[in-house]
Every structure is written in structure tokens, then in C-alpha cells.
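Contents: one structure, followed by commentary.
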Amino acid sequence: MTYICKDCPVPAVVKDSHWACYTLRYDLHNPSYSNMRLIIRENPSAVGDYIANYICKRINDFGPTPERPFVLGLPTGSSPVLTYRSLIRLVKEGKLSFQNVVTFNMDEYVGLPRDHPESYHSFMFRELFSQIDIPPHNVNMLNGNAEDLIAECNRYEQRIKDYGGVDLFFAGVGEDGHIAFNEPGSSLSSRTRIKTLAYGTILANARFFNDDIAAVPHMALTVGVKTVLESREVVVIGTGQRKALAIAKAIEDGVNHLWTLSALQNHPWALMVVDEDATLELHVKTVRYFKSIERVQEEVERSQMELRKRNVNGLVANGTVNGIELDGGAQAAQLTAVAVN
């Protein structure tokens, strides 16, 4: 049969499933995977620039099209603002386009009007979407005012699946180690759902509501830990001394549902980008180790990417990929384009 894979839209004669296509795409865009990485920069501004350039490279290397968009997960809060400003700059400089990028935000408050200045819908359009070239229909956000919140969560989870999953989830981290609104004690197998916010999170977010704790919503809709883990790549931003303990727990301790960020130890391609202040709870040898391997890691990535491209081109020349027979020369050309991008 002829099957068009959502991950790698190459019509091909497939025996059982499109797993080979998925594996191909994963290998091409995640060379030398199965590795937790930590990048340390001097200050929040340098962290924002690094992540923005990283996302830009991932999108451009992917070569998205209307039929095959790049799917990007996005966070809110104060930490990603500098990254969003850098992304806006890259778009204005013509180095990046969001025309063929589909976004999914991580969370939204329950019961807060969509046009409230502190709703995550308002935040995202104020800080990013209104200043880049993303088509409005490519923006996906949870509706915290839906009549049936459970149905809304299920709809959101299904929409992510309909796009073939998230290519890169950009995430922040709370002071208590939560990712999205997966508060301490959350199931590491959780999906998009309703979540009661921890008191510490309410206190931390009160600064956005004129320091009025009573004004902060006590519930939110959030993607689950499992939802994030199923993305092909996760990039976490952590800046400031207040995030230092969470970063240390996630990197140096074991996987623990009380620090949901630690679940990324089980992800095959996770990256944390932090500033110097966010490393203050890490052991000195941990910091030195990750700083020492950064350049080596980049060299390995480049060499592995080139090697995999050559291997794919060789397989295409032979008319098969991972045991799948390509259905004609046009399909082989499509696959070659995917490999080169």
C-alpha cells in the first residue's frame, strides 16, 4: 500500500507501519541522541539569544512546508521573554519565518477571561505572535473558559497527535521544579488535564497580579509530563538563583515526581540552557563537566549529521530506506530533500 507518513511525507510501500520514516526523521534532526545536555551562559540575555538561535536552526534545518509544518511547543512566564524578543529580531532580519510553524502552548489559567492582560493568550500575542509572521490558524492554545474542561483537554491532546506530535517543546521551569503546570506530585505519565496550582506557584505568580494572591487563579489547564516527554526534543530555560535548586534536582538527583522537570532524564534528546546564577546549587564538578563537553558535543552533532545525510542519500540511491521500498523516483527525490534539510 502507499502510505504518507505524517512525520516524513514520503509515499512509500510500507509493510507494517511508518516507523522507519519516523526513525529516519528522528535520526536526521537529532544526531547522537540519548543524551541530557546542559548549556551554561553568563546571564539571562545570553541564554535567551542561545535558545532563539537554537530554535531558529532547528526550524530552518527542518525546512517546513504547508504540508509538513514544524510543530513547536511554547511556554509563558518571565523566563522565555528574552528568547521571544530574540526570535522576533531573527524574523525581522529575515533569518527565520513562522509561516509554516504550528505552535502549541503548554498551559492556560482556568476562569481568567481570554482578554485579561495576564491570561496566557494575551501574553503570547503581546510578547510574540503579534510581532512575527505566524498565521493565526497555526496557533493552538488551551481554552480555560471552555464549558467542558475535560473535553477541551482531550481535544488539545488529540490535535497534537493529529499533527504527528511536537518536534521541539520549549519549556520553562518553576522554582519547585514543575514543568508546564505539572506541580510537585504530578504523575510522570500524565496527559493534558485540569490541575490545581500549588500554593508556592500562586505566590510566585502573584507578582503578575499586583501582588494580590487572591487574584491569581487557583486552577489551570496544562499539558502533561507524558505529553512533553513524547515530543522529539525538549529545550528548557532556567535563569536566576531562584531556579537553582530545581535545576540541581533535575540534573544531579534521580527521577522524582516531586520535581517533575527531572522526568527529562528519561527523554532521548533534552537540553537545559541556564545562566550562571541557576547553577549555584550544582556541584562544581558538574558545572565543569558540562562546560568542558559543550564544544565536543557540537562537533559530534555536526559530524553525525553529515554522516547520516550521506547514509540516507546512499539508501535513496538504492531505492530503499530502512527496508522500505520507495515508490518511484519522485518519492526518492522528496526523501533526499528531507535529508538535505
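The values are calculated or read from the model by the stated rules, or taken from the named source; none is laboratory data. Note that the structure is a prediction, hence the values are computed from the model and not measured. A quick note on method: Cβ atoms are made from the backbone with ideal geometry, for glycine too, and the neighbour counts reach across all protein chains shown. These accessible areas exclude ligands, DNA and RNA; they are computed on the full protein's heavy atoms, side chains included. Shrake-Rupley method; radii C 1.70, N 1.55, O 1.52, S 1.80 Å.
Some values worked out for this structure:
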quantity	calculated
Of all residues making up segment 57-90, the number that are among the aromatic types (Phe, Trp, Tyr), in a helix (DSSP H, G or I) and either at pLDDT 95 or above or open to solvent by 10 Å² or more (accessible area, probe 1.4 Å) (or both)	1
Output for segment 98-116, where each listed residue is over 17 Å from the mean Cα position of the chain (by Cα) and over 30 Å from residue 196 (Cα atoms)	99
For residue 221: the one exception among (1) touching a Leu at 6+ places or on another chain (Cβ under 6 Å); (2) under 22 Å from residue 287 (Cβ atoms); (3) hydrophobic (A, V, I, L, M, F, W, C)	(2)
Near pairs, Cβ below 9 angstrom, 6+ apart or cross-chain, from segment 56-82 (polar (S, T, N, Q)) to any residue that is open to solvent by less than 10 Å² (accessible area, probe 1.4 Å) and assigned to a helix (DSSP H, G or I)	76/124; 79/47; 79/48
Subset of segment 267-289 that is outside any helix (DSSP H, G or I) and of a type in the set (D, E, K, R) - its residue that is least open to solvent (accessible area, probe 1.4 Å)	275
In segment 41-61, the residues that are aliphatic (A, V, I, L, M) and under 24 Å from residue 167 (Cβ atoms)	47, 51, 52, 55, 59
When residues of segment 91-111 are limited to those that are in a loop (DSSP other than H, G, I, E, B) and open to solvent by less than 20 Å² (accessible area, probe 1.4 Å), the one farthest from residue 64 (Cα to Cα)	106
Which numbered condition residue 208 misses (of (1) on the phi < 0 side of the Ramachandran plot; (2) modelled with pLDDT under 95; (3) not in a helix (DSSP H, G or I))	(3)
Residue satisfying all of: in segment 255-266; open to solvent by 10 Å² or more (accessible area, probe 1.4 Å) and in contact with a helix residue (DSSP H, G or I) (Cβ under 7 Å, 6 or more places away or on another chain); nearest to residue 182 (Cα to Cα) among these	259
Selected residue (only one of 245, 203 is assigned to a helix (DSSP H, G or I), open to solvent by 10 Å² or more (accessible area, probe 1.4 Å) and free of Cβ contacts under 8 Å to residues at least 24 places away in the same chain)	203
Filtered residue count, segment 152-188, keeping only those that are open to solvent by less than 50 Å² (accessible area, probe 1.4 Å) and assigned to a helix (DSSP H, G or I)	5
